[in-house]
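The values are calculated or read from the model by the stated rules, or taken from the named source; none is laboratory data. Please read these numbers as outputs of a predicted model, since none were measured by experiment. Counting neighbours? That spans all protein chains shown, and the Cβs are built from the backbone with ideal geometry, glycine included. The area values use the complete protein model at the heavy-atom level, side chains included, leaving out ligands, DNA and RNA. Shrake-Rupley method; radii C 1.70, N 1.55, O 1.52, S 1.80 Å.
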Amino acid sequence: MLAEHDRAERLMEIAKAEGLYEEIHLLKEDGTLAGPVDDIPPEVMVAMYRHMVFSRAFDRKAIALQRQGRIGTYAPFEGQEAAQVASAMALAPEDFVFPSYRDHAATMVLGQSPAHVLLYWSGRVEGIRSPEGRHILPPSVPIATHVLHAVGAAWASWHRKENAVSIAYFGDGATSEGDFHEALNFAGVFHLPVIFFCQNNGYAISVPFSRQSASRTIAQRAIAYDIVGVRVDGNDAFAVYRAVKEARSRALHGLGPTLIEAVTFRMGAHTTADDPTRYRDQKAVVEDWRKRDPIVRLRLYLESQKLWSESDEAKLQDEVKARVEAVVEEALSIAPPDMEMMFDHVYAEEPWHLAAERDEYRRTREGVSE
Ligand SMILES: Cc1ncc(C[n+]2csc(CCOP(=O)(O)OP(=O)(O)O)c2C)c(N)n1
């Protein structure tokens, strides 16, 4: 009998030979390349960088706003910018996007207003509306439920013969949910045009990946459903971009779904309500992962190609600072909602008891007593 390690290696070799498992690395930590990137136009690379720098500044500002009590709880994404920005840039406007609560860098690339993201974390409905011309679903807070919704949307696209894919964004913790497995199973059986995009950021709140699953990788789980599994360095924007582009192309050619595992790291807390020092050596891990920072390596590459300069950087930093301030001002200046909105969107047709509560609320608001 093969030793456990040899068996896992052997299974992986077979999967690779069958075209069911692939690993992509393109941009190394020092900003040099591990393979050709001719398929990625220089202007796309620069746009990726600009989006990533803005996202990080936005994320840090959102944490500060929460600390000041100006927004509610917030889920930071620092460290995951390449995974989110590059995956979103590989999509097309007609695609259906199912984010989770941490995926704002992706949705902002797709046109979601950053001010509305801040409103989302204040419990405001503006934060769940899709930008015009896009199909972005509200962020899913229940873990993995939206992975099934993405499959349903992909099935609808397939029936309607649309040229669109669905993409579900979720974390490593989500892969332990039954919904995740049902979604992959169904999508595999019907060869649906869906991309399962998992950001393996190391932790599901306090649970490290080593305690989440005995699988060595998340991508290898694709093999069980006979769909393609791809593992990429999630801090390598080029690898993420290529993996999603290729998955999209396979999906539109009727070749079915892809499970992408983008290996990355959540640099900060799970949410502003979490204290990561309780379950990991925050200083040491963050220092270690800083060396793999997705923004630094992309800048190093762009500079080496003369696509970016010191003065471009100085200009971008000024632009980003001003934009973030403008976003905050916009978000805080939007008038608070009419409280009666809490009765909207609860049922398609309002039942009598909700109508009665609405009436009662109106009477109270207007100071009318019985
Ligand atoms: C169905 C469900 N179970 C439990 C929770 C509580 N919960 C919130 S976040 C989280 C961890 C999710 O981790 P992961 O999927 O790795 O995503 P990450 O937060 O790291 O992006 C859990 C268990 C939830 N929101 N939904």
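Work out, in µm²/s and without decimals, the Stokes-Einstein translational diffusion coefficient of region 132-249 at 10 °C, 1.306 mPa s, Rh from Kirkwood over C-alpha pairs.
The Stokes-Einstein estimate is 107 µm²/s.
Suppose we keep just the DSSP beta bridges with both residues in the chain; what percent of those would be antiparallel, to 5?
Among the beta bridges of the chain, antiparallel pairing accounts for roughly 10 percent.
When only the heavy atoms of the protein chains count and the probe is 1.4 Å, how do M89, M341, M48 rank by accessible area, highest first?
Result of the area sort, largest leading: M341, M89, M48.
Could you work out what % of the accessible surface of the chain is carbon and sulfur, using a 1.4 angstrom probe and leaving DNA, RNA and ligands out of the count?
54 percent
Provide H345, H270, H353 ordered by accessible surface of protein heavy atoms (probe 1.4 Å), highest first.
Largest accessible area first, the list is H345, H353, H270.
Semi-axes, largest first, in whole Å: what does sqrt of 5 times each Cα gyration tensor eigenvalue give for region 212-370?
Working through the eigenvalues yields semi-axes of 44, 28, 20 Å.
Dipole of the chain (Lys/Arg Cβ +1, Asp/Glu Cβ -1, origin at the Cα centre): which of F96, Y301, G133 lies farthest to the positive side?
So the residue we want is Y301.
For region 54-117, what value does the Rg/Rh ratio take when both radii are computed over Cα atoms and Rh is the Kirkwood radius, given to two decimals?
Across region 54-117, the Cα-based Rg/Rh ratio is 0.98.
Calculate, in nm to one decimal, what R278 and D226 gain on full extension: separation in residues at 0.36 nm each, minus their alpha carbon distance.
So the chain would gain 14.8 nm between R278 and D226.
Taking every pair of distinct Cα atoms and averaging 1/r, then inverting, what Kirkwood hydrodynamic radius in Å comes out for region 1-102?
17.5 Å
Which value in deg cm²/dmol, rounded to the nearest 500, describes the helix-derived mean residue ellipticity at 222 nm for the chain, given -39,500 (n - 2.57) per DSSP H run of n ≥ 4 and division by the residue count?
So the calculated ellipticity at 222 nm is -14500 deg cm²/dmol.
Could you work out how far apart the two model spin labels at E366 and V141 are, taking each label as a point 7 Å from the Cα in the direction of the beta carbon, and quote it in nm?
Between E366 and V141, the label points sit 3.2 nm apart.
From the cross-link list K61/K291; K161/K245; K28/K61; K16/K283; K61/K315; K61/K283, which pairs have alpha carbons spaced over 26 Å apart?
Flagged as over cut-off: K28/K61; K16/K283.
Based on the Kirkwood radius over alpha-carbon pairs, what is the Stokes-Einstein translational diffusion coefficient of region 187-305 at 25 °C with 0.890 mPa s viscosity, in µm²/s?
For these conditions, the coefficient is 154 µm²/s.
Considering all projection directions equally, how large on average is the shadow of the alpha-carbon convex hull of the chain, in square nanometres?
Answer in nm², one decimal: 22.4.
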